[in-house]
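Below is one structure; the comments refer to it alone.
The values are calculated or read from the model by the stated rules, or taken from the named source; none is laboratory data. Keep in mind that this is a model prediction, so the values were computed, not measured. Cβ atoms come from the backbone with ideal geometry, glycine included; neighbour counts cover every protein chain shown. We work out accessible area using only protein heavy atoms, side chains counted, and drop any ligands, DNA or RNA first. Shrake-Rupley method; radii C 1.70, N 1.55, O 1.52, S 1.80 Å.
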Amino acid sequence: MKYELKKTPFLKIKTIKVDITKEVNREGNIILKSKVKLKKPPHRMTQRLIHWAKKTPDKVFIGQRINAENLPPGAGGWRTLTYAETYEKVKRIAHYLFNANLSPERPIAILSENSIEHGLIALSALHIGIPYSPIAPAYSLKSTDYEKLRHTIDLLTPSIIFVQDGKQYEKALAALNLKDVEIVAVTNPLSNHTPFTELTRNPSELLELVGNIVVNNAFKNIQPDTIAKILFTSGSTGLPKGVINTHGNITTNWQQITQTFPFMENGGLTFMDWLPWNHTFGGNHNFGLTLFNGGSLYIDDGNPTPRGIHKTVANLYDIAPTMYCNVPKGFEDLIPYLKDNKDLCSKFFSRLKLLFYAGAGMPQHVWDDLERLAYETTGKRLIIASGLGMTEACPSAMFNTQMGSFAGMLGVPVPHLEVKLIPNGGKLEARFKGDNMTPGYWRNAEATAKAFDREGYYCTGDALKFVDENDPNKGMIFDGRIAEDFKLDTGTWVSVGVLKAKLIAAGRGLIQDAAITGHDRSFLGAIVFPELNFCKKLSGLSDDADLKTIVNHPSVVAALQAVLNNFAQHSTGSSTLIKRAVFADFHLSIDKGEITDKGSINQRMILANRAEFVEMIYEKELIAPVLEVQK
């Protein structure tokens, strides 16, 4: 079929009515909010588990491939738990936890990746009002000094630490002070570990009766301000901060999101999802919305890596999602498989109602490919949505629901959330206030005080701008991070976030990310991080080629030169012209705070740690491997 964008119909799904008010207060700040009234959600997070266990007891809540590590991609069946089975196990585990000396001051720490057991122990803690904290597995498995892991555990003071595999986490656990801490392991428990089966064993009739009573009482005592979880976010310093999420925060946001996309209701969600639960996108959004709406979540043991994408593809052969969430890199890696395999493409789009991305900006060519594939497969275009979210919003603050939108559109505020836009250096800094916003940071009063203004708005540091200043209903787009912006030595401001997004888009797959240089300098430069799969295909190099060989291959160097030259043709002045660039021939360090475990780079830490690359860009005479715009 010939793809004609303007004539292509959309798959129709019900979305929220956009009705935004825009006011300017005495200080000259803009206040935005939705006129849509928010329905009152249940404030206990597991209340919906009880509801679905009664209403749809036999529906699959969660599934995970059996023996995925020991079988070829796609082999083996799925282990699943229904809502009724999940609730029964949660009650038993909750009774065990109730007797395990836990308290709001001694929560549960979860070090492991997504799994059925991870989900069960998390729900069990929530069910009796005990906080838990899912910690990035990278802090245990990729770090060499365990500094971030020690920091998070020392800050939490947990009573129980959960790991999926006792042997796999042995070294990380040995680096911690574990006095009076119980270790629970699912597989390969060591001699000093509690096997997970101890938490779920069948009790006697009397113990089950007593357990149900104490668990029910604990459940009833949960209030909207009861702490549900602590999610750690690296922040600009590289040291993780614990963001407090209360039961009321999270259930409010579930209601806000569900009203925005009503197709989710009453079992309308089926996820095939790899996004880690230690992040708000995977945990609060995907896992949480599944629970809230009685859907089904199948854990994808793949990810956007050369090895992981094969697992994702195999899993998508088995399960057709109704909503597919990913980071832009995940969509980009999946597209070639959808293009090359009509059966996979047909299965993928067979039930799909919405594509949703977050975590980074989506390149327009990726957006266009997804729209084209949807049309060629179904004869219709899908809504591709994003928004503005953050750990502190639990996670969503704004959504784009428009049909026929574009990459970078953030949309409008969710119901029952106020947005304050503060004029700042020619931009509008976004601040938020609502019942879904965090009350602050775990045991960090200083960071909490700095995070909110005197009117109680959370200060994001993000800059936004209107698509149409006369019509707030048309939404807003991202305008960079205030803290990342800098001035050239001429006094000209540089919008780093916007510039970087445009450079990545101009690379059309060549550039994974970039750090922009030029603070107090005469021109802009860039340290460019290559998209390795793209570069390997471009150069014809094998999968085992090392990074330096890849970035110095003539075809890869020529491709970056072409991007620089073309980018310069569209620049409007010194603040948008990247004069020089160099490929990074080093791997970013999670220990040094240069990259988070979800793949987001920290520009400030990169420029500080890699000063030699910055100086190389600004040498008086051009030296290899630095490239310069050719006019």
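Here is the figure for region 291-318: residues that are more than 16 Å from the chain's Cα centre (by Cα), within 26 Å of residue 262 (Cα to Cα) and either surrounded by 21 or more Cβ atoms within 10 Å (Cβ to Cβ) or polar (S, T, N, Q) (or both) total 9. Kindly check whether there is at least one residue in region 135-158 that is more than 30 Å from residue 589 (Cβ to Cβ) and touching a Phe, Trp or Tyr at 6+ places or on another chain (Cβ under 9 Å). Taking every residue of region 135-158 in turn, none turns out to be more than 30 Å from residue 589 (Cβ to Cβ) and touching a Phe, Trp or Tyr at 6+ places or on another chain (Cβ under 9 Å). Kindly establish whether residue 532 is within 22 Å of residue 328 (Cβ to Cβ), among the hydrophobic types (A, V, I, L, M, F, W, C) and open to solvent by less than 30 Å² (accessible area, probe 1.4 Å). Taking the combined requirement at face value, the residue does not satisfy it.
Scanning region 435-449 for residues that are open to solvent by 40 Å² or more (accessible area, probe 1.4 Å) and more than 20 Å from residue 281 (Cα to Cα) returns 443, 444, 445, 446, 449.
For region 397-411, filtering for residues that are open to solvent by 20 Å² or more (accessible area, probe 1.4 Å) and touching a strand residue (DSSP E or B) at 6+ places or on another chain (Cβ under 6 Å) leaves 2.
The one condition from (1) buried (at least 17 other Cβ atoms within 10 Å of the Cβ); (2) closer than 30 Å to residue 350 by Cβ that residue 229 does not meet is (2).
From the list 432, 452, the lone residue that is open to solvent by 30 Å² or more (accessible area, probe 1.4 Å), touching a Phe, Trp or Tyr at 6+ places or on another chain (Cβ under 7 Å) and of a type in the set (Phe, Trp, Tyr) is 452. Among the residues of region 337-352, those identified as under 16 Å from residue 271 (Cα atoms) and crowded, with 20+ Cβ neighbours inside 10 Å are 348, 349.
Of the residues 504, 511, the single one that is β-branched (Val, Ile, Thr), under 23 Å from residue 335 (Cα atoms) and open to solvent by 20 Å² or more (accessible area, probe 1.4 Å) is 504. Total residues in region 580-598 satisfying the condition of being buried (at least 19 other Cβ atoms within 10 Å of the Cβ) and either in contact with a strand residue (DSSP E or B) (Cβ under 9 Å, 6 or more places away or on another chain) or closer than 18 Å to residue 511 by Cα (or both): the figure is 9. Would you check if there is a residue in region 164-174 being exposed (fewer than 15 other Cβ atoms within 10 Å of the Cβ), under 20 Å from residue 139 (Cα atoms) and hydrophobic (A, V, I, L, M, F, W, C)? Checked region 164-174: at least one residue is exposed (fewer than 15 other Cβ atoms within 10 Å of the Cβ), under 20 Å from residue 139 (Cα atoms) and hydrophobic (A, V, I, L, M, F, W, C). Determine whether residue 276 is on the phi < 0 side of the Ramachandran plot, in contact (Cβ under 8 Å) with a residue 60 or more places away in the chain and in a loop (DSSP other than H, G, I, E, B). Here the answer is yes, as residue 276 does meet what is asked. Within region 375-396, the residues that satisfy the criterion of being among the β-branched types (Val, Ile, Thr) and surrounded by fewer than 23 Cβ atoms within 10 Å (Cβ to Cβ) are 377, 378, 383, 391. So which of 87, 96 is more than 19 Å from residue 183 (Cβ to Cβ), of a type in the set (Phe, Trp, Tyr) and either open to solvent by 50 Å² or more (accessible area, probe 1.4 Å) or not in a loop (DSSP other than H, G, I, E, B) (or both)? Among 87, 96, only 87 is more than 19 Å from residue 183 (Cβ to Cβ), of a type in the set (Phe, Trp, Tyr) and either open to solvent by 50 Å² or more (accessible area, probe 1.4 Å) or not in a loop (DSSP other than H, G, I, E, B) (or both).
Residues that are more than 20 Å from the chain's Cα centre (by Cα) and among the small types (Gly, Ala, Ser) were ranked within region 455-501; the one that is least open to solvent (accessible area, probe 1.4 Å) is 475.
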